[in-house]
Amino acid sequence: MKSLDALEKIAKQLDPNREERRHIRTLIIQHTEKFLEKLPNGKAYSNPDKSNTLWDEDFLEEGSDPSQVVRLTSHQIDHDGINAASGFDMAYVPGGGVYTSALADYWSDITNLYSGVFFANPGAVRLENQVISWLSSLVSYPKTACGNLTSGGSIANLTAIITAREVTQLKAKDHVNCVIYLGKQTHHCVTKALKMAGLGEVILRYIELDSGYRMIPAQLEKQIKQDQLNGCIPWMIVASAGTTDTGAVDPLEAIGSIALKNKIWYHVDAAYGGFFLLTSTGKKLLKGIEAADSIVLDPHKSLFLPYGSGVILIKNGADMKKTFSDTAAYFQDFEINDMNVSPADLSIELTRPFRGLRMWLPLKIHGIAPFRAALNEKLILSKYFYEQILACGFQSSGPPQLTITTFWYPMDGGENNDFNKELIQNIQQEGQIFLSSTMIENRFVIRLCVLVFRTHKREIDIAIKNIVQHKDQLLETWQ
Ligand SMILES: *Cc1c(COP(=O)(O)O)cnc(C)c1O
């Protein structure tokens, strides 16, 4: 008991007073404000600072001056690599991270709201459920659908696969005969999820793609028939609503009717393209998505939220509850209301961040219109980029279906791949804009994805200029 006073005095450092809070908060606000102000003219990529020795410092028993800590930490983390908040980040599938969502995280972390079970915080759970219900209506799911906010698309895909495994009561002995149909461009997190779900032995059938890299329904149907004849179990079809490589959207409606006819679980990975359903172009492109048994969305991509937001929706909500709902003796106080399903009953997780508010707050404060406008803007900018880059002598595998354009500069004598590889390396090294690349049928292609909400016409024009300059420079020295 004698040591309590001393311990309390030290422990209380975890609870800074109003003045101390203001001091630390101001430091971080000042830093993030400076960061935001630099974005329009800053770089999208910086080479790692190899002389950075700060990583060698260990944690100490004694705390340090907050202004020192913020300064040194910001130097370590904000300067190297990709600037994923920049409107010049056009690599992979970016999003940007809207400010109001960050403030929602601040709010929910300070209040430490427990959003896992209804009993703990009915308001938080109702808020999340309303977000899920809005997302369900976005994909035209019935009221009986359920869903969960995850940390990202990978966990959402895993959740879908586990649900399907449980609902179809797949037995371990059947795994080797069990067939999953997917495309060559299906995101690798799907096959990873199969492994995580204990389904590493299933048969993967990559269905032939058309010239736009979309799954060919007739080929799918043919393969299913053949598998049925051979005594295999056609178990799941995974369609993509926007592949990461090219942004190709599979013919969701046609695949859906094949799945229905053959009683196969139909999963749509719309992690990239899902929120384009807010636009009429996207609605047409993703027509038939509601036929899916499970759908993945990634608000940290096409809803521009900061990283840490994925969504899994399951059409038959009861399936999801059956899969993930469990109980424990110490939960006896919780089961007071089954009208409001708890996130923990639909998730691998129990305790988790309050993920609803980071989507709710931006949608409430800004309304849906700016999100819709930004998505329509990105679709038009992508077409604009495609036309401009072709006019500059580049070639492409086709106009963007969503907001990814793949392109290359054509060279004589089989030097295409080498030239374009060096071109992207030069662009990345300079770092004004950041693009990525991929391989499509042995062709090295550069890809540009317009999806950061801060990417507007100015940024695209700068990108075009930058790409052409680098191409001209490389041509001069190329032999
Ligand atoms: C990004 C992406 C994923 C993976 O999602 P994470 O949020 O990165 O875990 C899955 N599928 C597609 C099509 C994606 O674009």
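With a sphere of radius 12 Å drawn around the Cβ of Ile224, what net charge do the other residues whose Cβ falls strictly inside it have (Lys, Arg +1; Asp, Glu -1)?
The answer is +3.
Which longest run of the chain has no exposed loop site in it, a site being GluC sites (Glu not before Pro) in a DSSP loop with at most 14 other beta carbons within 10 Å, and the site itself not part of the run?
After excluding every exposed loop site, the longest remaining stretch is 63-200.
Using the 10 angstrom Cβ neighbour count as an exposure proxy, how do Asp418, Asp298 rank, fewest first?
By the 10 Å Cβ count, ascending: Asp418, Asp298.
Provide Rg and Dmax in Å for region 3-75, with only Cα atoms included in the calculation.
16.8, 55
At 222 nm, what value in deg cm²/dmol follows for the chain if DSSP H runs of at least 4 each add -39500 (n - 2.57) and the sum is divided by all its residues, to the nearest 500? Could you put the intermediate results ahead of the total?
Numbers: 16 runs with 205 residues, N = 479.
Value at 222 nm, helices only, nearest 500: -13500 deg cm²/dmol.
Contact order normalised by length for the chain, with contacts defined as Cα pairs under 8 Å and 6 or more residues apart; what percent is it?
Values: 811 pairs, mean separation 103.1, N = 479.
Value for the chain: 22 percent.
Of Lys143/Lys364; Lys261/Lys284; Lys192/Lys263; Lys12/Lys34; Lys143/Lys287; Lys383/Lys421, which ones are farther than 27 Å apart at the Cα?
Values: Lys143/Lys364 22 Å; Lys261/Lys284 23 Å; Lys192/Lys263 24 Å; Lys12/Lys34 31 Å; Lys143/Lys287 19 Å; Lys383/Lys421 24 Å.
Listed pairs above 27 Å: Lys12/Lys34.
Compute the longest continuous run of the chain that contains no exposed trypsin sites (Lys or Arg not before Pro); treat a site as exposed when its DSSP state is not H, G, I, E or B and it has at most 14 other Cβ atoms within 10 Å.
264-479
Got the relative contact order for region 105-365 handy, in percent, Cα pairs under 8 Å and 6 or more residues apart?
So the answer I get is 30 percent.
On a straight-distance basis, which aspartates and glutamates could pair with Lys173 in a cross-link, Cα separation under 18 angstrom, same-chain partners fewer than 8 positions away excluded?
Partners within reach: Glu201, Asp227.
Restricting to the chain, what percent of DSSP beta bridges are antiparallel, rounded to 5?
Percent antiparallel among DSSP bridges in the chain is about 55.
If you average the sequence gap of Cα pairs under 8 Å that are 6 or more apart and divide by the length of region 130-258, what percent do you get for the contact order?
Relative contact order comes out at 23 percent.
Return the ratio Rg/(2.2 N^0.38 Å) for the chain, where Rg is computed over Cα atoms only.
Taking the Cα Rg and dividing by 2.2 N^0.38 Å, one obtains 1.07.
Return Ile440, Ile162, Ile368, Ile446 ranked ascending by Cβ neighbour count within 10 Å, so the fewest neighbours appear first.
Exposure proxy ranking, most exposed first: Ile368, Ile440, Ile162, Ile446.
Once each part is reduced to its C-alpha centroid, what is the distance from region 82-123 to region 413-460 in angstrom?
29 Å
Taking Cα centroids, how far is region 175-248 from region 358-376 in Å?
34 Å
Only the coordinates and a few stated rules stand behind these numbers; no lab work does. No experiment lies behind these values; they were computed from the predicted model shown. Please note: Cβ atoms are built from the backbone with ideal geometry, for glycine as well, and neighbour counts cover all protein chains shown.
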